[in-house]
Amino acid sequence: MIRGIRGATTVTENREDEIIEATEILLKEIIEQNKIEANMVASIFISVTEDITAAFPAKAIRLINGWTFVPVMCMREIPVPSGLPKCIRVMLHVNTMVPQEEINHIYLRNAITLRPDLKVENRSL
């Protein structure tokens, strides 16, 4: 069965190094919290708000050992006026038998405001 695993983070500046680093931290946390291996992943969608233009955040997945062949696509979020700025969102499509209620969706930095109901206590990333 394929399950969607969501996550999001934010950056403070539209700089390539910050975008890649924040995305890598987010992806590694999702991978760790959900015990995901690259061969379990069908694809990854990454979206950014329109104020993020300095880099493709998908570049971060290539920094993770063994994830070279996972298909990744970047896209732009709908520019809703009240939306969270400088936000990177990810959706991993993962082959797993883990029940939906046991999936760990990860929201870091200012993105925790998007889904406070999914907040993991004591997360300081």
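None of the figures in this text is laboratory data; all of them are computed from the coordinates on show. Keep in mind the model is a prediction, meaning the values are calculated, not measured. All Cβ positions, glycine included, derive from the backbone under ideal geometry; neighbour counts span all protein chains shown.
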Worksheet item: Of all residues in the stretch 72-86, which are buried (at least 16 other Cβ atoms within 10 Å of the Cβ) and within 17 Å of A42 (Cα to Cα)?
Response: V72, C74
Worksheet entry | Number of the exception - E32 against (1) surrounded by fewer than 17 Cβ atoms within 10 Å (Cβ to Cβ); (2) in contact (Cβ under 8 Å) with a residue 24 or more places away in the chain | (2)
Worksheet item: Which ones in the stretch 58-71 are surrounded by fewer than 13 Cβ atoms within 10 Å (Cβ to Cβ) and either under 14 Å from M40 (Cα atoms) or in contact with a helix residue (DSSP H, G or I) (Cβ under 8 Å, 6 or more places away or on another chain) (or both)?
Response: G66, T68, F69, P71
Worksheet, complete the sentence: K35 passes all but one of the listed conditions (1) out of contact with any helix residue (DSSP H, G or I) (no Cβ under 9 Å at 6 or more places or on another chain); (2) on the phi < 0 side of the Ramachandran plot; the exception is number (2)
Fill in: Selection status of S47, farther than 15 Å from P85 by Cα and part of a strand (DSSP E or B)
no
Response to the item:
In the stretch 35-57, residues that are surrounded by 19 or more Cβ atoms within 10 Å (Cβ to Cβ), within 10 Å of the chain's Cα centre (by Cα) and of a type in the set (S, T, N, Q) total 0
Worksheet item: Can you tell me which residues in the stretch 87-108 are over 18 Å from V41 (Cβ atoms), within 18 Å of the chain's Cα centre (by Cα) and not in a strand (DSSP E or B)?
Response: L108
Worksheet item: Of these, I30, I46, which one is under 19 Å from I112 (Cα atoms), touching a helix residue (DSSP H, G or I) at 6+ places or on another chain (Cβ under 6 Å) and hydrophobic (A, V, I, L, M, F, W, C)?
Response: I46
Item to complete: Give the stretch 56-80 a look and list any residue that's over 22 Å from I31 (Cα atoms), part of a loop (DSSP other than H, G, I, E, B) and of a type outside the set (V, I, T), or say none.
Response: E77, P79
Worksheet item: Only one residue in R76, R109, R62, R89 is free of Cβ contacts under 8 Å to residues at least 12 places away in the same chain and under 20 Å from R15 (Cβ atoms), so which one is that?
Response: R62
